[in-house]
Amino acid sequence: MKYEIIIFDLDGTLLNTIGDLAASVDYVMRSRNLPEHTDAEYRQMVGGGIKRLVERALPAHLAADEAYVEECVAQFRRYYVDNIDRHTIPYEGMPELLRRLRAEGVMVAVASNKFQHGTDRLIAKFFGDIDFVAVEGNREGAPLKPDPMIVRNILAKTAVEQSRALMVGDSAIDIRTAQAAGIDSVGVAWGFRFAEELYEAGATKVVTDVAELEKLLFD
């Protein structure tokens, strides 16, 4: 194994969370007599944190109103926290891959733009038996990916050199985060984006399912 640590994105990489994200935004839209969106549309909106998701879902004139956006974000957060795991599931084969990595002595970590409480709650529910060395979500005042701070914090905590770290994610944001942090990356095409976006962001490797990722890591 070339890498000492694999850093995973959460939404669209470890977990398929689109159903609960979509339902929560639709709740906000419906309560305000605003148009709802399809899951396919939401797949193009996620990745930049809650505020960015809400801004993208709102009509342009409302998205430009900072106070209104903040009201919607607060409403979204309240609903989402109470309904965070109704439709969310791990991607097929992901729990087994994480267990194999740990059994082989490879450290695993999470670097997500989801708020920290939500990240912790989902990891505890779906991967409670996995010994993650770090679970990093977004904290108030901290920069979102693609700022590399989240990855650098993980490397500092684990004392792993950049050349021995790999980031796995489903969006251009993850690829750019890895580039900014000076580590390798693998794009996954099973999440919320398409392979073309990952390649355009600079990905040199894109896998289509967890089995292909496992083969790439261990062969």
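Counting the residues of segment 16-57 that are out of contact with any helix residue (DSSP H, G or I) (no Cβ under 9 Å at 6 or more places or on another chain), basic (K, R) and over 20 Å from G137 (Cβ atoms) gives 1. Contact annotation: no residue pair with Cβ atoms under 6 Å, 6 or more positions apart or on different chains, pairs a residue in segment 43-60 that is in contact (Cβ under 8 Å) with a residue 60 or more places away in the chain with a partner that is crowded, with 21+ Cβ neighbours inside 10 Å and of a type in the set (D, E).
A single entry from D147, D131 fulfils the requirement of being under 22 Å from V54 (Cα atoms) and of a type in the set (D, E, K, R): D147. Could you list all residues from segment 22-68 that are surrounded by fewer than 19 Cβ atoms within 10 Å (Cβ to Cβ), assigned to a helix (DSSP H, G or I) and among the hydroxyl-bearing types (S, T, Y)? Passing the criteria: Y27, S31, Y68. Here's a check for you: in segment 130-139, which residue that is assigned to a loop (DSSP other than H, G, I, E, B) and aliphatic (A, V, I, L, M) is surrounded by the fewest Cβ atoms within 10 Å (Cβ to Cβ)? Across segment 130-139, the extreme among qualifying residues is V133. In the set G191, G118, only one residue is in a loop (DSSP other than H, G, I, E, B) and either at pLDDT below 95 or within 20 Å of P90 (Cα to Cα) (or both); that residue is G191.
For segment 162-179, taking the residues that are part of a helix (DSSP H, G or I), touching a helix residue (DSSP H, G or I) at 6+ places or on another chain (Cβ under 8 Å) and of a type in the set (A, V, I, L, M, F, W, C), the one that is surrounded by the fewest Cβ atoms within 10 Å (Cβ to Cβ) is identified as A172. The condition (being in contact with a strand residue (DSSP E or B) (Cβ under 6 Å, 6 or more places away or on another chain), of a type in the set (D, E, K, R) and surrounded by 22 or more Cβ atoms within 10 Å (Cβ to Cβ)) is satisfied by just one residue among K114, K157: K114.
Yes/no matrix, rows are residues, columns are (1) surrounded by 22 or more Cβ atoms within 10 Å (Cβ to Cβ); (2) at pLDDT 95 or above:
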residue: L122; (1), (2): yes, yes
residue: G128; (1), (2): no, yes
residue: G141; (1), (2): no, no
residue: D147; (1), (2): no, yes
residue: G182; (1), (2): no, yes
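May I ask you to list the residues in segment 93-108 that are more than 19 Å from the chain's Cα centre (by Cα) and not in a helix (DSSP H, G or I)? Answer for segment 93-108, where residues must be more than 19 Å from the chain's Cα centre (by Cα) and not in a helix (DSSP H, G or I): E104, G105, V106. Figure legend. Inter-residue proximity from segment 61-74: first residues in contact (Cβ under 8 Å) with a residue 24 or more places away in the chain, second residues surrounded by 12 or more Cβ atoms within 10 Å (Cβ to Cβ) and among the small types (G, A, S), beta-carbon distance below 9 Å, spacing 6+ or different chains. Indicated pairs: C72/A57.
The values are calculated or read from the model by the stated rules, or taken from the named source; none is laboratory data. Values in this document were obtained by computation on a predicted structure and should not be read as measured data. Glycine gets a Cβ as well: all are built from the backbone with ideal geometry, and neighbour counts include every protein chain shown.
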